[in-house]
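Following: one structure in structure tokens, then a few remarks.
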Amino acid sequence: MSRLLTFANSTIGLKVIMAVSGLIGIGFVLGHMSGNLLMFKGQGAMHDYAVLLRTSMPLLYAVRAVLLAAVLAHIWSAYTLTMRSRAARPVDYAERRPQVSTLAAKTMKWGGVLLLTFIVFHLLDLTLGATNPNFEHLDPFNNVIYSLKRPLIAVFYLAAMASLGMHLYHGAWASFRTLGLARPSARPLARTVAIAVAVIVAGGFVIIPLATLFGAFSPTR
Ligand code: HEM
């Protein structure tokens, strides 16, 4: 046990925790994005999907607990690694030419904060209904429409999805590298899998606020 804790607290241990918790998040967003596309099949399909997710409440709460633990572990490892890196180099490099530096890599921290803010709002809005004036339990089709037809909320969703795409592009690649699933390459920016994950997830999510704004869905109540 103490060897496990020592590993978890080491720099590579923290990077492994960040990678594994990030991969759990990627699995979740892939599933959630696919489920959201049922919006195009209508109110009945979305209702049945919400009921299906609640087939076994103990299982649903177990999945929620794993997701929450993954988010907390991801934030804690990111924070601890950032603090250690700062402590190791309190004065910045006079000149720094990173071999691989992308906008996605540079915006990981603030993009992550934006995503966290989005998730808190999103849960209040579509799971608890606290910020959604027409919220009804087990009616995600109408709940999504009433939420996203507010232009400011739709724009917030679009900004969060852009941030999610960038976070996934860098994060998916970084986790594959940490876990040794991707080898060092002479072309470090040729990240086919990371690009595919980012485009499929962010692109799939973005369709819903855009379709709502352009009137593709009509509320049924
Ligand atoms: C256009 C984008 C999105 C739409 C339309 C959407 C829609 C929804 C809806 C309708 C629910 C409630 C489902 C139910 O209670 O049956 C929900 C829950 C949730 N969403 Fe999203 N979502 C979107 C994007 C995201 C993103 C990007 C994330 C995370 C990065 C996310 C994380 C969650 C979580 C954690 C829940 C709670 C799941 C649970 O009840 O255990 N969503 N979403």
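The values are calculated or read from the model by the stated rules, or taken from the named source; none is laboratory data. These numbers were taken from a predicted model, which means no experiment stands behind them. Positions of Cβ are backbone-derived with ideal geometry, glycine not excepted, and every protein chain shown enters the neighbour counts.
Screening Y146 against (1) in contact with a helix residue (DSSP H, G or I) (Cβ under 6 Å, 6 or more places away or on another chain); (2) among the hydroxyl-bearing types (S, T, Y); (3) within 30 Å of G44 (Cβ to Cβ) leaves a single unmet condition, (1). Per the listing V91, V66, V16, the residue uniquely exposed (fewer than 15 other Cβ atoms within 10 Å of the Cβ), aliphatic (A, V, I, L, M) and more than 16 Å from the ligand (Cβ to nearest atom) is V91.
Collect the residues in segment 19-46 that are touching a Phe, Trp or Tyr at 6+ places or on another chain (Cβ under 7 Å), farther than 14 Å from L164 by Cβ, within 11 Å of the ligand (Cβ to nearest atom) and touching a residue at least 12 places away in the same chain (Cβ under 8 Å), keeping them in residue-number order. Matches in segment 19-46: G35, M39, M46. Within segment 165-221, restricting attention to residues that are polar (S, T, N, Q) and modelled with pLDDT of 95 or more, the residue that is surrounded by the fewest Cβ atoms within 10 Å (Cβ to Cβ) is S218. Taking the listed residues V193, V206, V197, the one that is within 12 Å of the ligand (Cβ to nearest atom), part of a helix (DSSP H, G or I) and of a type outside the set (S, T, Y) is V206, with no other qualifying.
Table: residues versus (1) away from the ligand (no atom under 12 Å from the Cβ); (2) polar (S, T, N, Q); (3) within 29 Å of S10 (Cβ to Cβ); (4) touching a Phe, Trp or Tyr at 6+ places or on another chain (Cβ under 8 Å).
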position: L60; (1), (2), (3), (4): no, no, no, no
position: E95; (1), (2), (3), (4): yes, no, no, no
position: T107; (1), (2), (3), (4): yes, yes, yes, no
position: W110; (1), (2), (3), (4): yes, no, yes, no
position: L114; (1), (2), (3), (4): no, no, no, no
position: A130; (1), (2), (3), (4): yes, no, no, no
position: N143; (1), (2), (3), (4): no, yes, no, yes
position: I153; (1), (2), (3), (4): no, no, no, no
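Residues that are over 15 Å from I26 (Cβ atoms) and within 22 Å of the chain's Cα centre (by Cα): does segment 193-205 have at least one? Within segment 193-205 (the criterion being over 15 Å from I26 (Cβ atoms) and within 22 Å of the chain's Cα centre (by Cα)), the answer is no, since none of the residues qualifies. Would you confirm, using the coordinates I've provided, whether A65 is among the small types (G, A, S) and touching a residue at least 40 places away in the same chain (Cβ under 8 Å)? No: the conditions fail for A65.
Can L115 be described as under 22 Å from V20 (Cα atoms), out of contact with any strand residue (DSSP E or B) (no Cβ under 6 Å at 6 or more places or on another chain) and among the hydrophobic types (A, V, I, L, M, F, W, C)? Answer is yes for this residue. Residues of segment 126-164 that are closer than 24 Å to T55 by Cβ and either in contact (Cβ under 8 Å) with a residue 60 or more places away in the chain or buried (at least 20 other Cβ atoms within 10 Å of the Cβ) (or both): E136, L138, D139, P140, F141, N142, N143, V144. Checked against (1) surrounded by 15 or more Cβ atoms within 10 Å (Cβ to Cβ); (2) not in a helix (DSSP H, G or I); (3) not β-branched (V, I, T), S21 meets all criteria but (2). Determine if segment 69-86 includes at least one residue that is within 11 Å of the ligand (Cβ to nearest atom) and either within 26 Å of L168 (Cβ to Cβ) or buried (at least 16 other Cβ atoms within 10 Å of the Cβ) (or both). Within segment 69-86 (the criterion being within 11 Å of the ligand (Cβ to nearest atom) and either within 26 Å of L168 (Cβ to Cβ) or buried (at least 16 other Cβ atoms within 10 Å of the Cβ) (or both)), the answer is yes, since at least one residue qualifies.
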